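The values are calculated or read from the model by the stated rules, or taken from the named source; none is laboratory data. Note that the structure is predicted; figures quoted are calculated from it, not measured. Don't worry about glycine lacking a Cβ; one is built from the backbone with ideal geometry, like all the others, and counts go over all protein chains shown. All accessible areas refer to the heavy atoms of the entire protein, side chains included, with ligands and DNA or RNA removed. Shrake-Rupley method; radii C 1.70, N 1.55, O 1.52, S 1.80 Å.
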Amino acid sequence: MDAFYASVELLRYPQLKGLPVVIGGGRRKVDEALRELPQGSTLADIPVEAFPLLRDYVGRGVITTATYPARPFGVGSAMGLMKAAKLCPQAIILPVDFDEYRRYSRMFKKVITEIAPLMEDRGVDEVYIDFTQVPGGQREGGRVLARLIQRSIFDATGLTCSIGVAPNKLLAKMASEFDKPNGVSVVYDHDLETRIWPLPCRKVNGIGPKADEKLQRLGIRTVGELAARERNWLIENFGKATGAWMHEMAWGRDERPVVTESEPVSMSRETTFERDLHAVRDRAELGAIFTHLCGKVAEDLQRKGYVGKTIGIKLRYDDFKTATRDQTIEQFTSDAKTIRQAAGRCLKRVPLERPLRLLGVRVGALVKAGSVEATRTPVQGGSASQSRAAALPITASLF
């Protein structure tokens, strides 16, 4: 999907189209005030000059995404908002609204599966699709079906997407970046030398900053230069698994199938605070956030049909150190109150003297709701660790 979060926001605020806009941070008082509309008005009636600007932003947080007019200023995903404010102070800033993005995510994926059922979900804004057996899937190398999917998504949601069509997932992922926004790029096996090899290695999904830095130290900047190296040389320098993968990747080889069914290991929700919060001084605010996160995880589990029995928390302190704790309860659950109680017990096992900048809640050891495993009566007694956990008061919570 093209600048997905920003594009969803532009559906609400069409008056911002063509302007530099960044999405990041939580909702603030200024954002709430923006929505206090006179009777009969809509969000589209809010004047552009009423929106908050990035230059006035104070606090932490990172950019989730930015509209295309903002990107020439060097603003992009994962950049700190304060740094972005120096690069593009005139950009409008909007808060993140994950519930709305998930709603649109479900909508566009439903459109796709009605046309091409073999779809692999790769997160809120990306999928892989197998065109092989879809009627018309091979016309013009897949371009005809790709255009049909684009039109259908736009008609249903008002959003655009860019599609890469190729013999495998590796090349398709790279091709999807060639012609953004709203583009279709078809890459054949014989295009490897002309279209893939000139690309910087960093463009490959799986080569991060550290690997790219090492490649550059070794004199390798492009995929073609990587392909020119012997497989054994890559293994010697990057290890058996990574070196072998780099060699296969550079030659455009990828045997991974499109996986339509994959069971999640866990589900979680977390939030980074606008300011550091203390367990004592900000107890009420932290308690409300904690309860909200537990409720959201429970909603995710119930919507997707899962239950779990390992409940965990994640804390990040003001010195950026992170603490995690978890507890396995006796019965599988997707109940918000039960998750809250177990997560609260986990909180009793972490130091809370330092201010906090992030709080998260996780439910793991997932199984399908209603499955034999989920409904099995637990064996009485359990392990020693389970017995100790069960002995704690169920109402224990520091928030």
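Structure notes:
- Meets criteria (outside any strand (DSSP E or B), open to solvent by 20 Å² or more (accessible area, probe 1.4 Å) and touching a Leu at 6+ places or on another chain (Cβ under 8 Å)) for residue 11: yes
- In the set (1) in contact (Cβ under 8 Å) with a residue 60 or more places away in the chain; (2) open to solvent by 50 Å² or more (accessible area, probe 1.4 Å), the condition left unmet by residue 273 is number (2).
- From 108, 73, residue being farther than 15 Å from residue 24 by Cβ and touching a Cys at 6+ places or on another chain (Cβ under 8 Å): 108
- Counting the residues of segment 14-47 that are assigned to a helix (DSSP H, G or I), open to solvent by 30 Å² or more (accessible area, probe 1.4 Å), out of contact with any Pro (no Cβ under 6 Å at 6 or more places or on another chain) and not basic (Lys, Arg) gives 6.
- Close contacts from segment 78-98, counting a first residue that is free of Cβ contacts under 8 Å to residues at least 24 places away in the same chain and a second that is of a type outside the set (Ser, Thr, Tyr) and part of a helix (DSSP H, G or I), with Cβ to Cβ under 6 Å and a gap of 6+ residues or different chains, come to 87/73.
- In segment 321-341, the residues that are under 16 Å from residue 358 (Cα atoms) form Cβ pairs under 7 Å with partners that are among the β-branched types (Val, Ile, Thr), at six or more places apart or across chains, as follows: 323/350; 324/313; 325/313; 325/350.
- Some residue of segment 245-261 being touching an Asp or Glu at 6+ places or on another chain (Cβ under 6 Å), under 30 Å from residue 158 (Cβ atoms) and not in a loop (DSSP other than H, G, I, E, B): no
- Checking each residue in segment 57-87 for being modelled with pLDDT of 90 or more and farther than 17 Å from residue 5 by Cβ picks out 72, 73, 74, 83, 85, 86, 87.
- Segment 71-95, subset open to solvent by less than 80 Å² (accessible area, probe 1.4 Å) and either in contact with an Asp or Glu (Cβ under 8 Å, 6 or more places away or on another chain) or basic (Lys, Arg) (or both), residue nearest to residue 48 (Cα to Cα): 94
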